[in-house]
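Asks: Structure in C-alpha cells, see below.
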Amino acid sequence: MSALITEPFSPKFKPYTRQTIQQARQWEWLPEEQREAVQVVSHVLPFRTNEYVLDQLIDWNNIPDDPIYRLVFPHRDMLPPEQYAHLRDLVLVKQDKAAIDAYVHGLRLGMNPHPAGQMTHNVPRVNDAPVRGLQHKYAQTVLFFPSAGQTCHAYCTFCFRWPQFVGMDDMKFDARESNELAAYLTLHPEVTDVLITGGDPMIMNTRQLASYLEPLLAPGLEHIQNIRIGTKAVAYWPQRFVSDRDADDLMRLFERIVKAGKNLAVMGHYSHAVELRQDIAQQAVKRIVSTGATLRMQGPLIRHINEDPASWAELWQTGTRLGAIPYYMFVERDTGPRGYFELPLAKAHEIFQAAYQMVSGLSRTVRGPSMSAFPGKVVIDGIVTINGEKLFALQFLQARNPDWVRRPFYAKFDAEATWMDDLKPAFGHDKFFFETDEPVPQLPHKIIRLAQAA
C-alpha cells in the first residue's frame with residue numbers, strides 16, 4: 001500500500017455507494033471498525049465516492065485521519081454514541097428495515113435538514129404558488145436546481161444540502177422543466193445573477209447542461225449578466241473538464257456563453273490543498289479559464305479536515321497561479337453532523353487570519369470566515385476590544401435587506417460560539433439591529449447593462 005497511489009488512472013467514472021464500496025480494492029485496507037462505521041452511519045448521511053477520490057486524493061497510510069477520507073467516508077462520531085449504538089443494533093443485528101427507516105427518519109429531522117429558511121423564506125412564488133426548484137433569497141440572485149443535477153461525483157460528509165441525496169423528497173429542490181427558470185426570470189428584471197446548483201450541475205452531460213444555460217442567452221433576458229455554476233467536480237472529478245467524452249463540447253459551451261456577453265463563473269468547491277495538487281486538477285482550471293470563464297474558489301472551514309492555515313494558503317496560491325480567484329472561506333453550516341465538524345468562530349477567524357497572512361495581495365480576494373445565516377452572509381471581520389469589552393466585529397456581505405449590507409455591528413466575544421445563533425449583541429443591547437418583526441423592504445435595484453461581445 002503506497003501513501004498516495006500514482007499509477008495511471010482510468011478516465012472512466014465509476015462511483016461507489018454503501019451497496020458497492022466492498023468492490024473497491026481499498027475496502028480491504030480499512031480496519032473493521034471503519035468498515036462498520038461506513039455501513040451504519042451511511043444509513044443516515046449520504047455516502048458516494050469514486051475511483052479518482054480513492055486512488056488519487058486519499059493517503060491510505062493515514063486512515064482515519066486523512067482529510068479527504070474524513071471528507072467522504074462516514075465516521076461513527078458523526079452520531080452521538082447512544083444513537084450510533086441503537087442504529088448499529090438495528091442495521092447489523094436485527095436487520096429490521098422498517099425499524100431502520102423509522103429511526104433514521106427521526107435522526108434526520110433532528111439535524112436541521114434545511115438551514116437558513118431555505119424551505120420557508122427563500123422559495124419564490126408565481127400566482128401565489130411556489131416555484132419548484134428555485135430559491136430567491138437576495139434581490140440580485142436566483143438559485144436554480146435542475147433535476148438532472150441533483151447528485152454529485154462524490155458526497156461530502158459535511159454537505160449542508162445532504163437532504164437532496166437521502167430520499168427526503170418533501171425537502172428536495174429540483175426543477176423538472178428547463179423553461180421554468182427563463183419564465184421566472186422574465187418576470188424579475190432586478191435579477192442579474194443566476195446560480196445553477198444542486199447537487200452538482202456538472203454531473204450532467206453537456207447537452208443537458210446546455211438545455212438549462214442556453215435559454216438564458218435569449219432576447220428578453222439581457223438583465224441576466226452573470227451565470228454561475230456551483231460544482232465540486234473541479235476537485236472530485238476534474239476529468240469532466242479535461243478528458244470526459246464531451247469535455248471539449250463543454251468548453252465550447254462555456255465559450256458560447258462568454259461570447260454572448262455573459263460572465264460565466266464556475267464556483268469551484270475546494271476543501272483541501274491536496275485537491276489541487278493533481279496534474280489533471282490543474283489542467284481543469286487552465287481549461288476553464290481559457291474559455292473566458294472565471295473560476296472562483298470557495299469552501300467551508302471544517303474540523304478534522306482543513307484546520308491547517310498552510311493548506312488554505314497553498315490552495316489559494318496554487319489557484320491564483322493557475323488563473324482562479326480565491327473567493328470565500330465559509331463557516332460550516334448548522335446542519336447535519338454539525339457537532340463533528342463545527343469550530344468556534346474565534347478559532348475560524350484565527351485560521352483565516354493566519355492563512356491570509358501567508359499569501360500575496362493577488363490571493364487576498366478571498367473573504368471570510370463567512371456565515372450563510374438566515375438574515376444573510378455575515379463575515380467575522382475581527383476580534384476587537386472597545387471600552388474594555390472584547391467583541392466580535394461583524395458585517396453583512398449580503399443580506400435579505402439591502403440596507404444591511406456592509407453595515408458594521410458587534411457581538412459579545414464568546415470563545416465557544418460556533419454559529420450566528422450563539423452570539424449576543426454588544427453594548428448592552430437586547431437585539432441586533434436586524435432582529436425585527438418588520439417586513440424586509442423590497443428596494444428597487446439598478447441594472448447596469450453589459451455590452452455585448454463583438
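The values are calculated or read from the model by the stated rules, or taken from the named source; none is laboratory data. All values derive from a computational prediction rather than experimental measurement. Reconstructed Cβ throughout: ideal geometry from the backbone, glycine too, with neighbour counts over all protein chains shown. Accessible surface is based on the protein model in full, side chains and every heavy atom, while ligands, DNA and RNA are left aside. Shrake-Rupley method; radii C 1.70, N 1.55, O 1.52, S 1.80 Å.
Asks: Going down the table (Lys377/Lys431; Lys12/Lys377; Lys137/Lys232; Lys377/Lys412; Lys137/Lys347; Lys137/Lys390), which pairs top 27 Å between alpha carbons?
Replies: Correct reply: Lys12/Lys377; Lys137/Lys347; Lys137/Lys390.
Asks: Checking the cross-link filter: which aspartates and glutamates have an alpha carbon closer than 20 Å to that of Lys97, excluding same-chain neighbours under 8 positions apart?
Replies: The reachable aspartates and glutamates, counting only those whose Cα sits under 20 Å from Lys97, are Glu36, Glu82, Asp89, Asp169.
Asks: May I ask you to derive the FRET efficiency for Asp381 and Thr20 from their Cβ-Cβ distance with R0 = 35 Å, giving the value to the nearest 0.05?
Replies: After rounding to 0.05, the efficiency reads 0.15.
Asks: To the nearest 500 deg cm²/dmol, what mean residue ellipticity at 222 nm is calculated for the chain from DSSP H runs of n ≥ 4 alone, each contributing -39,500 (n - 2.57), summed and divided by the residues?
Replies: Per the formula, -7500 deg cm²/dmol.
Asks: Separate question: May I ask you to list the residues of the stretch 391-421 whose amide nitrogen lies under 16 Å from a point 7 Å from Cα along the Cα→beta-carbon direction of Phe433?
Replies: 392-412, by backbone N distance to the label point.
Asks: With every protein chain present, what accessible area does Glu28 have (1.4 Å probe, heavy atoms only), rounded to the nearest 10 Å²?
Replies: 120
Asks: Between Asp89 and Asp65, what is the spin-label point distance in nm, taking each point 7 Å from the Cα along the Cα→C-beta axis?
Replies: Here the modelled spin labels are 3.4 nm apart.
Asks: Still on this structure: Between Ile100 and Glu32, what is the label-to-label distance in nm when each label sits 7 Å out along the Cα-to-Cβ direction?
Replies: 2.0
Asks: Give me the distance in nm between label points sitting 7 Å out from Cα along the Cα-to-Cβ direction at Leu187 and Lys390, one decimal.
Replies: Taking the two extended label points, one gets 5.1 nm.
Asks: When DSSP assigns beta bridges and you keep just the ones with both residues in the chain, what percent turn out antiparallel, to the nearest 5? Intermediate values should be presented prior to the final figure.
Replies: On the way: 27 of 56 bridges.
In the chain, DSSP labels about 50 percent of beta bridges as antiparallel.
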